[in-house]
Amino acid sequence: MITFKEVDKSFLELYDKVSMNVNVHSEYKVKRINNGLGGLVLEEVSVEPYIKDLSIYERPTEYENAFDITNWRFFMAFDGDIPVGAMTVVGKTDGLNMLYGRGDACVLWDIRVADEYKHNGIGQKLLDMGVLAAKKDGYQQMIIECQNNNVPACKFYQKQGAALSKIDMYAYYLEPEVRNEIQFIWYLDI
């Protein structure tokens, strides 16, 4: 039986143990119409399958090295004592660019479900818990970042009612290993 709970920073070592793999089979290509003046078209295209390990970019045990995590909330899912899912919702935090200085918004910083537990509603339950907590904290919107090669996440956020509002084709330009990825920013009214 899977159990869910909000946790504090003392659980971050367990959080770190939850894999954060994306099984990539397709990605969204962005086509500019009239160099963008005519709009953008997203097309899902098949790619040679590969696994992208996002945990190399997200180490919860290192959050405090970069930020004051006082206004961060952590949620986890467990199968017995084994951590199988986790999520972080970030509130007001100095130096966090994704908030754009807004006090009425929070950020879905990280959500992950262990490979063998995907497609069992764990991500949905974690997100529901995070949205409820964000509402109680007085936030009106949740800002969510993902990339064009994380099609399952894009479809999940769209299913939640989030609106894709920003597409940055050069967000990762200075990072050679992900230079060709496209940043998608979603907004979820809560």
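The values are calculated or read from the model by the stated rules, or taken from the named source; none is laboratory data. As the structure is a computational prediction, the values presented were derived from the model and not from experiment. Heads up, the Cβs are rebuilt from the backbone with ideal geometry, glycines too, and the neighbour counts pull from every protein chain shown. Calculation scope for accessible area: heavy atoms of the full protein, side chains included, ligands and nucleic acids excluded. Shrake-Rupley method; radii C 1.70, N 1.55, O 1.52, S 1.80 Å.
Provide a single number: the residues in the stretch 55-87 that are outside any loop (DSSP other than H, G, I, E, B) and either in contact with a His (Cβ under 9 Å, 6 or more places away or on another chain) or among the charged types (D, E, K, R) (or both).
4
Per-residue answers, yes or no, for (1) in contact (Cβ under 8 Å) with a residue 40 or more places away in the chain; (2) in contact with a strand residue (DSSP E or B) (Cβ under 6 Å, 6 or more places away or on another chain); (3) open to solvent by less than 70 Å² (accessible area, probe 1.4 Å):
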{"position": "GLU27", "(1), (2), (3)": "yes, yes, yes"}
{"position": "ASN34", "(1), (2), (3)": "no, no, no"}
{"position": "PRO49", "(1), (2), (3)": "no, yes, no"}
{"position": "PHE78", "(1), (2), (3)": "yes, yes, yes"}
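Are any of the residues in the stretch 175-188 in contact (Cβ under 8 Å) with a residue 40 or more places away in the chain and among the hydroxyl-bearing types (Ser, Thr, Tyr)?
yes
Of the conditions (1) open to solvent by less than 70 Å² (accessible area, probe 1.4 Å); (2) modelled with pLDDT of 95 or more; (3) more than 17 Å from ASP189 (Cβ to Cβ), LEU54 satisfies every one except a single condition; which number is it?
Tallying (1) open to solvent by less than 70 Å² (accessible area, probe 1.4 Å); (2) modelled with pLDDT of 95 or more; (3) more than 17 Å from ASP189 (Cβ to Cβ), LEU54 fails exactly one: (2).
Can you find, within the stretch 13-31, the residue that is farthest from the chain's Cα centre (by Cα) among those that are in a strand (DSSP E or B) and farther than 14 Å from ASN148 by Cβ?
Residue satisfying both the conditions and the ranking: ASN23.
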